[in-house]
Structures are given as structure tokens and as C-alpha cells.
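Written out below as C-alpha cells is the structure these notes cover.
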Amino acid sequence: MATVRDFMTTSIETVTPDQTAMDAAAFMLSADTGSIPVCDGEKVIGMITDRDIAVRGVAAGKGPDCSVRDLMSKDIVCARDTDDVQAVARRMADAQVRRLPVIDSSEKLVGMVSLGDLARETSGESAHEALEGVSAEGSQHQQG
């Protein structure tokens, strides 16, 4: 049985809730990603996306020095590193997200898994299932 540990990306950038929107955007640019986990120590407490910065930040009149805490999504969905790939694909579809932080049994952030990871590393069914959920009518983009 394939687990998310077999497919996740382990080299990930994180930001703290006290960093600025500009810091988060710079990390996104250097990592070529649209979302970054927000961590307090090694524990994931939220996610910030490029869309959060644009909609909750810029569109609301907040500047680049606004804190990540003010813009991040707090109710995030995570995967466990031991989760079955199919279960993770269903969780992504249900939450309508393209990326999930991966935590271990002590809730420490150990990686990220994306639709692209699932598509590259599986025969494609898992990614297809997740993409169908993410693309469903009325998708509420929250997490990345």
C-alpha cells in the first residue's frame, strides 16, 4: 500500500504567523509555489496562499507589512505521513484543495503533498479523483 510518505515533498519553506505578507510572498516566489504552511515551531497552525495575500490583504487595503497571522487560513486540512494515497486524494477532493501539509504522529510538519505529486507518482487515478473534487462547482478555495 502506497502512503503519502512515498510521494510527499520534504524540502519545504514555512513562515511564522508574525512574519509579513511580503516575507510570505518572497518565499512563494523563491519556492515557485502558491501556498506556504504557517508554523509555530514545528506545528502547522495555518496556510497562507497567494490568493490570501491578494484578497485578504491587498484588496482589503492591507500593506506588505501586514502579518501572516492576519491573512492565513486557520482551519486547515492535513495528511498524516502514514495515510494511504487514496485517502489523501479523497481528503483533497472533499476539502477542495490542491496541496496538503503532511504531519507525523507527533503533529510535526514533515512535508507537503500536491496533486502534481500524486499525478507523477501514481497511475493518475488518485490525482484525477482529487482534481475532480477541487474543480467541483462552488469550489471554496481556502488552503492552496
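Just so you know, all these numbers are worked out from the coordinates, no wet-lab data involved. Everything quoted here is computed from the prediction, not taken from an experiment. Don't worry about glycine lacking a Cβ; one is built from the backbone with ideal geometry, like all the others, and counts go over all protein chains shown.
For Lys62 and Ser106 in one chain, what is 0.36 nm times their gap in residues minus the Cα-Cα distance, to one decimal in nm?
Numbers: separation 44, 0.36 × 44 = 15.84 nm, distance 3.53 nm.
Length gained between Lys62 and Ser106: 12.3 nm.
Which value, in debye to the nearest 20, gives the size of the charge dipole of region 41-120 about its Cα centre, when Lys and Arg are +1 and Asp and Glu are -1 at the Cβ? Walk me through the numbers before you get to the answer.
Numbers: 13 positive and 13 negative charges, 44 e Å.
With Lys and Arg at +1 and Asp and Glu at -1, about 220 debye.
Sort out for me the Cα centre separation of region 1-61 from region 80-104, rounded to whole Å.
16
With θ set to phi - 60° and the Karplus curve 6.51 cos²θ - 1.76 cosθ + 1.60, what are the ³J(HN,Hα) couplings of region 5-10 in order, to the nearest whole Hz, using x for Gly and Pro?
Along region 5-10, the couplings run 4, 6, 10, 6, 8, 9 Hz.
Residue by residue through region 52-67, what is 3J(HN,Hα) from phi via Karplus (6.51 cos²θ - 1.76 cosθ + 1.60, θ = phi - 60°)? Round to whole Hz and write x for glycine and proline.
Values, residue by residue: 4, 5, 5, 7, 7, x, 4, 5, 8, x, 8, x, x, 8, 4, 6 Hz.
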